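Values quoted throughout were computed directly from the atomic coordinates according to the rules given, and no laboratory measurement underlies them. The model shown is predicted, which means the values in this text are computed figures rather than measured ones. Because the Cβ atoms are built from the backbone with ideal geometry, glycine has one as well, and the counts that use them run over all protein chains shown.
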Amino acid sequence: MTTGAPTPVYPARPRRSRLRTFLPLGVAAWLVLEIWLLTMVAGATSGFLVFLLLVAGFVLGSVVIKRAGRRAFRNLTETLQQQQSDMPAVGTARPGGSEGNGLLMLGGLLLMLPGLISDAVGLLLLIPPLQKAISRYAERTFERKLREATPGTLGDAFQQARIRRPDGKVVQGEVVRDEDTSN
């Protein structure tokens, strides 16, 4: 037998996260800023020069993505070949340079997007010292988030999710089994 408040007919909607609230607003502001900047540069110079800048950014971005993809594939192939060898030589190191491929690809993608701000951020991501600083920051943030996460298995997460009602309230209680001992 359970007791407690009845389940409401229209449960309250769960709160939206800040990311889901502000991400669309940030993307819209970024698009408006990109368009405004493109029109300002086109007015100051010429529309043809802006078009050439956008085409050059697209071509440069595609070249960067292609090179980063080839480098990542080469590193993956070398790693697999090294793992398949029966006895790796003592003192062999893993192929390096694979940690910056993701940031190179992101920089290339930003260069391919039409806009001057995205081109500037994409060019900044191609600078090796900045890549290292960003990758160190991302690694520290990821490790901190892992430390803050509650320990347990995936099954524990599903069990915790099952004891929450759709309106977000947690139902407190315990299971009591009545066993018939009069056999």
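Miscellaneous remarks
- Paramagnetic label reach from residue 48 (point 7 Å along Cα→Cβ; backbone nitrogen cut-off under 15 Å): within region 102-143, no residues.
- Multiplying the residue separation of residue 144 and residue 109 by 0.36 nm and removing their Cα-Cα distance gives an extension gain of 9.8 nm.
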